[in-house]
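The next block holds one structure in the form of structure tokens; read it before the comments.
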Amino acid sequence: MRRRLLTVAMVLLLPLCLGAQGLDHSEPATASVESPGGDFRFDIGTSDMSYSITYKGEKIAWGTLGVDLSNRLMESALGIPSDEKDTWRFRSAQKGSCDTLWTPLYGENSSIRDSYSFLDLQYVKGKDTEGSSAGGYDQRRYYSMTLQVRAYDEGVAIRYHFPEQENGLFLNIRGERTTFTFPEGTMAWDSEWAQGPFHHFRVVPSDSPGEMERPMFLELPSGKKAAIGEAALVDYSRGKFTVSAPWTVSVSLYDGVEAISPYDPPWRVVMAGERSIDLVNSKDIFLNLNAPCAIADPSFVKPGKAYRCGKLERGFIMRGIEFAKNMGFQFIELDARWYGPEMSMESSALREAPSMNFTIKEVCDSARSHGLGVWVYVNQRALYRELDQILPLYREWGVSGIKFGFVQVGNQMWTTWLHDAVRKCAAYSLMVDIHDEYRPTGFSRTYPNLLTQEGIRGNEEMPSADHNVTLPFTRFLCGAADYTLCYYNSRVKNTHAHQLAMAAVYYSPLQFMFWYDDPKVYDGGAELSFWKDIPTVFDESRALYGEIGQYIVQARRSGEDWFIGAMTSLEGRKVEILLDFLPDGRYEALIYEDDPSLSTKSKVGVSSRIVSNKDVLALQLLPSGGAAIHIRPSR
């Protein structure tokens with residue numbers, strides 16, 4: 001486990017000429033900020049909050065910003081106009097930069113650079129009182145808000161920050177005015193819900209399936225790629241995207257938000273790149289927009305591979321422990337119904353169901369004797385009622401982590417409850433895996449005991465290869481996903497090498513393998529050494545080649561070893577992998593690829609060759625196929 005490094009950010013604040021000296025509102029004023037490398041530029045009309053974003057000189061997105069804020073009872077008492085047309089008025093601005101390097105507890109990369117230029121715009125909304133100490137505003141009679149903009153070399157992030165309101169006003173956010181307009185002809189890839197299939201559509205109301213998830217991947221007419229997403233959603237209403245007008249996407253909140261200042265809603269993120277894989281290689285922006293680790297001693301957090309014991313019976317569980325140990329895994333998991341029907345309010349997760357012929361404590365003791373930890377599934381119904389009793393009990397039993405099931409997401413209450421539950425688990429040294437509709441926004445940086453989450457159409461639905469090669473450019477942009485990798489199950493629609501490659505392509509610090517598989521079907525196939533050898537967290541990650549919906553080649557380094565996964569769609573293709581990312585020296589490349597001529601169950605062939613950083617590996621991927629490669633220093 002790598003040690004986290006604490007770094008100090010040096011922030012330079014420079015007042016704009018349009019700042020605190022006041023602004024003539026008779027003519028619109030503008031402000032702008034550029035990313036450190038100059039690729040991104042954000043411009044805004046300070047009076048109406050109309051903005052535009054350019055990438056390498058091309059205008060890729062524009063629209064309006066703002067929030068609808070009201071607390072009518074207190075506004076009336078303070079004499080603040082309740083007219084909803086009352087607008088935010090610009091007061092001042094500051095800009096500057098920040099450049100830090102931080103080390104995550106675990107991740108896709110062992111170090112992450114957080115480098116951006118920022119623009120902070122102060123606004124007020126309320127009763128105008130000439131000659132007051134607020135420079136034209138009675139401090140008792142207005143709201144204050146800071147529109148925060150960060151320009152990274154990976155994209156632009158925007159947030160509405162509410163400092164402490166001097167008048168004590170509560171915040172009642174009815175909705176956002178955040179819109180994104182894209183060039184005419186823009187196409188989008190997105191799903192209607194977290195575990196839904198993807199749609200490819202023109203960004204016009206008649207083609208849009210309805211409310212869409214985040215992030216949304218976009219193909220611009222110029223050939224450039226973009227995405228819009230959400231970061232640092234902690235205690236706010238979930239936002240989805242709606243196509244509100246031709247080529248225009250609006251943020252649609254699940255419902256309103258009530259809060260006490262100071263308060264930070266989530267960031268709205270716009271990414272762009274020349275190629276689809278540029279966005280995959282820029283996903284750390286979502287982590288950078290979250291707060292640093294808040295766990296004083298996170299040594300209990302241990303990523304690893306897990307086997308789900310599909311039958312809740314003592315003999316099967318013991319076989320599962322032996323299987324996981326032999327495969328070099330770190331965990332087993334006991335899934336739903338170990339404490340009774342998960343959808344029944346009568347089921348208590350404080351005890352095993354009477355029909356079970358084991359106890360959780362004895363399973364934990366047995367697993368520990370084999371060097372393994374134990375995860376247990378608990379439905380949110382039981383978590384909501386019994387969380388404060390469950391946590392000390394599970395720590396006493398020796399449980400490693402809890403898999404939250406069928407979580408409720410959407411409104412502010414459940415969003416806050418869920419993240420508070422993760423915090424409580426950290427206090428009892430318990431890790432968390434959230435299943436069903438929860439999508440990450442970077443909270444794992446702050447609470448890394450949240451190892452992973454589902455929020456994905458994975459092997460529980462057995463999707464096609466076309467879906468699988470869409471995921472790296474969509475759902476995986478915002479964080480880890482528990483896809484629940486299968487291998488032997490007869491319902492899998494893709495080749496075995498395609499499934500094998502998922503361990504390198506799909507990032508999840510807690511990686512479930514052999515989902516739905518019984519240890520009895522394991523035949524010791526030589527190709528499964530790839531799943532034995534590959535870790536779940538890495539020192540360096542690079543998407544090498546790929547196009548959304550077509551194929552992906554992902555490389556990841558752990559120490560001196562590289563693991564590469566290649567996956568294609570329903571269409572077969574030839575892929576050539578230039579190994580110029582390797583340091584100088586000789587390496588052995590173990591190649592696992594589909595070979596229909598073999599008589600083995602999986603029909604995956606294993607070969608090896610000596611390579612250097614001057615070589616090219618040529619792969620012929622079958623339809624719905626793939627390949628996995630392990631490159632290590634030549635012995």
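Within this structure, E352 passes the test of being at pLDDT 95 or above, part of a loop (DSSP other than H, G, I, E, B) and not polar (S, T, N, Q).
Determine the pairs where a residue that is outside the structural domain of G401 (by TED's automatic domain parsing) and over 21 Å from Y236 (Cβ atoms), located within region 425-441, has a partner that is assigned to a loop (DSSP other than H, G, I, E, B) and not small (G, A, S) with Cβ atoms under 9 Å apart, the partner being 6 or more residues away or on another chain. Every condition considered, no pair remains. Regarding T446, is this residue assigned by TED's automatic domain parsing to the domain that holds E386, at pLDDT 95 or above, surrounded by fewer than 24 Cβ atoms within 10 Å (Cβ to Cβ) and touching a Cys at 6+ places or on another chain (Cβ under 7 Å)? Yes, satisfied.
Per this entry, S32 is counted among residues that are assigned to a strand (DSSP E or B) and at pLDDT 50 or above. When the residues of region 262-292 are filtered to those that are of a type in the set (K, R) and not in a strand (DSSP E or B), which remaining residue is nearest to P205 (Cα to Cα)? Across region 262-292, the extreme among qualifying residues is R275. Note on region 216-261: residues that are among the aliphatic types (A, V, I, L, M), over 30 Å from L169 (Cα atoms) and either part of a strand (DSSP E or B) or not assigned by TED's automatic domain parsing to the domain that holds Y152 (or both) total 8. The number of residues in region 163-177 being crowded, with 16+ Cβ neighbours inside 10 Å and in contact with a Pro (Cβ under 6 Å, 6 or more places away or on another chain) comes to 0. Of all residues in region 389-401, count the ones that are surrounded by 19 or more Cβ atoms within 10 Å (Cβ to Cβ) and assigned to a loop (DSSP other than H, G, I, E, B). The total comes to 2.
In region 50-78, the residues that are within 15 Å of V249 (Cα to Cα) and crowded, with 21+ Cβ neighbours inside 10 Å reach residues that are of a type in the set (D, E) and at pLDDT 90 or above with C-beta atoms within less than 7 angstrom, at least six apart or across chains, in these pairs: Y51/D43. Among all positions in region 296-307, there is no residue which is farther than 28 Å from L105 by Cβ and out of contact with any Ser or Thr (no Cβ under 7 Å at 6 or more places or on another chain).
Restricting attention to region 81-127, the residues that are modelled with pLDDT under 95 and at positive phi total 1.
The residues on offer are S541, S558, S490, and the sole one that is under 19 Å from L582 (Cβ atoms) and without any contact (Cβ under 8 Å) to a residue 40 or more places away in the chain is S558.
Number of residues in region 579-588 that are within 31 Å of the chain's Cα centre (by Cα) and surrounded by 13 or more Cβ atoms within 10 Å (Cβ to Cβ): the value is 3.
Within region 191-215, if we keep just the residues that are under 16 Å from V251 (Cβ atoms) and in contact (Cβ under 8 Å) with a residue 60 or more places away in the chain, the residue that is surrounded by the most Cβ atoms within 10 Å (Cβ to Cβ) turns out to be P215.
Checked against (1) within 29 Å of E540 (Cβ to Cβ); (2) of a type outside the set (S, T, Y); (3) in contact with a strand residue (DSSP E or B) (Cβ under 8 Å, 6 or more places away or on another chain); (4) not assigned by TED's automatic domain parsing to the domain that holds R475, P265 passes all but a single condition, namely (1). Within the span defined as region 273-292, one or more residues are closer than 29 Å to Y447 by Cβ and either among the basic types (K, R) or modelled with pLDDT under 95 (or both). So which of V399, V422 ends up being under 28 Å from K240 (Cβ atoms) and in contact with a Leu (Cβ under 8 Å, 6 or more places away or on another chain)? Step by step, each of V399, V422 is checked, and only V422 is under 28 Å from K240 (Cβ atoms) and in contact with a Leu (Cβ under 8 Å, 6 or more places away or on another chain). Taking the criterion of being at pLDDT 95 or above and in a strand (DSSP E or B), the only residue of region 162-172 that qualifies is F162. Picking from residues in region 402-422 that are part of a helix (DSSP H, G or I) and touching a residue at least 60 places away in the same chain (Cβ under 8 Å), the one that is nearest to N172 (Cα to Cα) is Q412. Here E527 clears all of (1) buried (at least 18 other Cβ atoms within 10 Å of the Cβ); (2) more than 17 Å from K603 (Cβ to Cβ) except the condition numbered (2).
Taking the conditions (1) surrounded by fewer than 20 Cβ atoms within 10 Å (Cβ to Cβ); (2) modelled with pLDDT of 95 or more in turn, E130 satisfies each one other than (2).
Candidates I552, I577, I534: the one that is β-branched (V, I, T) and farther than 22 Å from K283 by Cα is I577. From the list T452, T484, the one residue that fits, being in a loop (DSSP other than H, G, I, E, B), touching a strand residue (DSSP E or B) at 6+ places or on another chain (Cβ under 7 Å) and not aliphatic (A, V, I, L, M), is T484. Within region 378-397, the presence of a residue that is of a type in the set (S, T, Y), free of Cβ contacts under 8 Å to residues at least 24 places away in the same chain and in the same structural domain as D518 (by TED's automatic domain parsing) is excluded.
The values are calculated or read from the model by the stated rules, or taken from the named source; none is laboratory data. Predicted model only: the values in this text are computed from it and were never measured. Quick reminder, even Gly has a Cβ in these numbers, built from the backbone with ideal geometry, and neighbours come from all protein chains shown.
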